[in-house]
Amino acid sequence: MPHIQISTTDAKLGVQTERPPMEIQQHDAEIYTINNHVDTVTISHTPMELNVDQTEAFHAANLVAPLRSAQEFYAQADVTASEYTSKTVRQGDQMMDIANGQSAIPHIARENWAPPQKEANIGYMPASLDQTVIDFQSGDLHVDIESAMPDFNVERGGADVHIPNWQLNPYIEQKASIQFDVVGGQVDHTL
C-alpha cells in the first residue's frame with residue numbers, strides 16, 4: 001500500500017543591524033565673579049611681663065635704701081648696746097673677784113684692747129641666685145581670621161547630543177518549503 005511522505009524545511013530569517021555612534025559635544029561654562037570680598041585679619045596680644053627683684057642682692061652688696069639702712073643701723077645699735085651692757089656686767093663681776101685673789105685686770109685689758117682678728121675670704125655678689133627673684137609671665141597672641149568667600153555667577157554650557165537612528169534590515173536566509181513523496185507503490189502520474 002503506498003503512503004505519502006512529507007518533508008518540510010523551516011524558513012530562516014536574518015537581521016542586519018547598523019548602529020552608528022552617538023556624538024556629544026559639551027560647551028564650556030562661563031564663570032563671572034560678582035564680588036571679590038577681602039579677608040579680615042585681626043591680631044591682638046597681651047604683652048609679656050618680666051619682673052626682677054634685686055632688693056636682697058643689693059642689700060648683700062650694702063647698697064640699701066636710706067630708710068632700710070637707718071632701720072638696720074638702729075637694730076644693730078640695739079644689739080651692740082645689749083652686748084656692751086652684758087660685757088660690762090661680766091667684767092664688773094670679774095673685778096669683784098680681785099678680792100678673792102683673782103687677777104682679772106690683765107684678762108680684761110687683753111679683751112678690751114686686743115684688735116679683732118681679720119679674716120680674708122673671696123666672696124661673690126650676689127652670694128647666691130636666691131637673692132634675685134625673677135617673675136616672668138608670658139604674653140598671648142590672638143589671631144582671628146574672618147574669611148570672605150567671593151560671589152560667583154556661573155552660566156552652564158549646554159551639551160549637544162546627536163543620536164542617529166539604529167537600523168534593522170531583516171532578510172530571508174532560507175525560504176520555507178514542503179515536499180510530498182509517495183513511497184511504497186506505484187502511482188499513475190498521468191492524471
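The values are calculated or read from the model by the stated rules, or taken from the named source; none is laboratory data. Only a predicted model underlies this, so the values are computations on that prediction, with no experimental measurement involved. Note that we place each Cβ from the backbone using ideal geometry, even for glycine, and neighbour counts take in every protein chain shown. Please note that ligands, DNA and RNA were not included when accessible areas were found on the heavy atoms of the full protein model with its side chains. Shrake-Rupley method; radii C 1.70, N 1.55, O 1.52, S 1.80 Å.
Residues of the stretch 115-127 include none that is open to solvent by 70 Å² or more (accessible area, probe 1.4 Å) and outside any loop (DSSP other than H, G, I, E, B). Per the conditions (1) of a type in the set (Val, Ile, Thr); (2) over 30 Å from Pro2 (Cβ atoms); (3) exposed (fewer than 10 other Cβ atoms within 10 Å of the Cβ), the sole criterion not satisfied by Ile98 is (3).
Only one of the numbered conditions (1) under 24 Å from Val133 (Cα atoms); (2) open to solvent by less than 90 Å² (accessible area, probe 1.4 Å); (3) touching a helix residue (DSSP H, G or I) at 6+ places or on another chain (Cβ under 9 Å) is not met by Gln91, and that is (1). Note on the stretch 8-33: residues that are assigned to a strand (DSSP E or B), more than 30 Å from Ala159 (Cβ to Cβ) and out of contact with any Phe, Trp or Tyr (no Cβ under 9 Å at 6 or more places or on another chain) total 3. The single residue among Glu30, Glu23, Glu18 that is in contact (Cβ under 8 Å) with a residue 60 or more places away in the chain, touching a His at 6+ places or on another chain (Cβ under 8 Å), more than 30 Å from His142 (Cβ to Cβ) and surrounded by 10 or more Cβ atoms within 10 Å (Cβ to Cβ) turns out to be Glu23. Tallying residues that are open to solvent by 100 Å² or more (accessible area, probe 1.4 Å) and not in a loop (DSSP other than H, G, I, E, B) within the stretch 34-49 yields 3. Taking the criterion of being under 30 Å from Glu56 (Cβ atoms) and exposed (fewer than 10 other Cβ atoms within 10 Å of the Cβ), would at least one residue in the stretch 143-153 satisfy it? Checked the stretch 143-153: no residue is under 30 Å from Glu56 (Cβ atoms) and exposed (fewer than 10 other Cβ atoms within 10 Å of the Cβ). Taking (1) among the hydroxyl-bearing types (Ser, Thr, Tyr); (2) open to solvent by less than 100 Å² (accessible area, probe 1.4 Å); (3) within 30 Å of Asp130 (Cα to Cα) in turn, Tyr74 satisfies each apart from (2).
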